[in-house]
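Notes to accompany the following structure.
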Amino acid sequence: MKMILVAGIVVAMGLAACTTTYTIYRSDISEGKNLLKQGEYARARALFVKASEQKRAAPFAYAATASYKMNDLPAAEGYLKEAEKMEGRSYTYPRVAGYKALVFLKEGKQAEGLKALKTYIDYYKHLYPLTTIEEVEAMQKEGKVNQGLLESLIDEQVDTYESDVEQAITTGTGFYSTRVPPGVLIPRPMSD
């Protein structure tokens with residue numbers, strides 16, 4: 001009987017630790033995203049790096065975004081590589097693909113950038129995309145990219161997509177509540 005009680009306590013402590021860890025992770029991601037929107041890129045990146053200890057793709061994808069916005073292209077590229085290493089495709093995959101293109105293009109790697117942009121377009125077009133994808137596709141096909149406009153369009157597209165997916169995750173409502181893009185791992189919320 002004592003062994004069962006001890007085992008029960010150990011399991012309960014383990015579950016509490018997991019829940020607390022996830023709550024901290026979720027808080028860091030949420031606060032980091034708010035700071036990202038406010039242009040507080042260094043503070044946002046610090047929170048995303050902290051959250052990346054959970055070894056999920058999302059914090060690396062957001063850290064790459066913050067780094068790109070800070071014009072720290074080597075860091076952005078490094079975080080993108082880490083995000084790509086994560087098993088499966090997170091709902092942040094369009095962000096990773098889009099920012100990979102932006103980084104390559106800003107570094108002057110035109111061929112790699114256009115190839116990465118094509119990957120982004122091909123994936124994003126299957127997600128019930130915004131019509132602005134046509135502008136991105138035209139830039140890619142012509143090989144003439146307006147970096148500022150492309151960044152703005154990708155930001156709008158991935159922010160809208162992620163917001164819709166997050167709505168489905170948290171409330172079970174919206175477009176993605178019944179439609180999961182092919183190959184995308186949609187995390188389910190853990191109870192607090």
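The values are calculated or read from the model by the stated rules, or taken from the named source; none is laboratory data. No experiment lies behind these values; they were computed from the predicted model shown. For neighbour counting, all protein chains shown are included, and Cβ atoms are generated from backbone atoms with ideal geometry for every residue, glycine included.
How many residues are touching a helix residue (DSSP H, G or I) at 6+ places or on another chain (Cβ under 6 Å) and modelled with pLDDT under 85 if we restrict to segment 19-51? Before you say what the answer is, go through the steps one by one.
Pass one, segment 19-51, residues touching a helix residue (DSSP H, G or I) at 6+ places or on another chain (Cβ under 6 Å): 25, 28-29, 31-32, 35-36, 41, 43-45, 47-51.
With modelled with pLDDT under 85 added as a condition, the list becomes 25, 28-29.
Count: 3.
For the list (1) within 15 Å of PRO94 (Cα to Cα); (2) assigned to a loop (DSSP other than H, G, I, E, B), I need the number of the one condition that SER163 fails.
Going through the list (1) within 15 Å of PRO94 (Cα to Cα); (2) assigned to a loop (DSSP other than H, G, I, E, B), SER163 breaks only (2).
GLU142 is checked against (1) surrounded by fewer than 18 Cβ atoms within 10 Å (Cβ to Cβ); (2) modelled with pLDDT of 90 or more; (3) under 16 Å from SER90 (Cβ atoms) and fails just one. What number does that condition carry?
It fails just one condition, (3).
Just for segment 113-139: of the residues that are in a helix (DSSP H, G or I) and among the charged types (D, E, K, R), which one is surrounded by the most Cβ atoms within 10 Å (Cβ to Cβ)?
Of all residues in segment 113-139, those in a helix (DSSP H, G or I) come to 113-124, 133-139.
Checking the rest, the ones that are also among the charged types (D, E, K, R) come to 115, 118, 122, 134-135, 137.
Values: LYS115: 15, LYS118: 15, ASP122: 11, GLU134: 13, GLU135: 15, GLU137: 18.
Within segment 113-139, the match that is surrounded by the most Cβ atoms within 10 Å (Cβ to Cβ) is GLU137.
Would you check which residues across segment 34-62 are part of a helix (DSSP H, G or I) and under 10 Å from the mean Cα position of the chain (by Cα) and list them?
Step one: list which residues in segment 34-62 are part of a helix (DSSP H, G or I), which gives 34-37, 41-54, 57-62.
Matches in segment 34-62: ALA57, ALA58, PRO59, PHE60, ALA61, TYR62.
For every residue, the table says whether it meets (1) in contact with a helix residue (DSSP H, G or I) (Cβ under 6 Å, 6 or more places away or on another chain); (2) surrounded by fewer than 20 Cβ atoms within 10 Å (Cβ to Cβ); (3) at pLDDT 95 or above; (4) under 22 Å from ASP28 (Cβ atoms).
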position: GLU53; (1), (2), (3), (4): no, yes, no, yes
position: SER67; (1), (2), (3), (4): yes, no, yes, yes
position: LEU80; (1), (2), (3), (4): yes, no, yes, yes
position: ALA111; (1), (2), (3), (4): no, yes, yes, no
position: GLU166; (1), (2), (3), (4): no, yes, no, yes
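Tell me which residues, restricted to segment 54-103, are within 17 Å of GLU151 (Cα to Cα) and charged (D, E, K, R). Let's see the steps before the verdict.
Initial filter on segment 54-103 (within 17 Å of GLU151 (Cα to Cα)): 61-73, 76-77, 80, 92-103.
The answer is LYS69, ASP72, GLU77, ARG95, LYS100.
Can you tell me which residues in segment 145-154 are surrounded by 12 or more Cβ atoms within 10 Å (Cβ to Cβ) and either in contact (Cβ under 8 Å) with a residue 24 or more places away in the chain or not in a helix (DSSP H, G or I) (or both)? Steps first, answer last, please.
Pass one, segment 145-154, residues surrounded by 12 or more Cβ atoms within 10 Å (Cβ to Cβ): 145, 147, 149-154.
Passing the criteria: VAL145, GLN147, LEU150, GLU151, ILE154.
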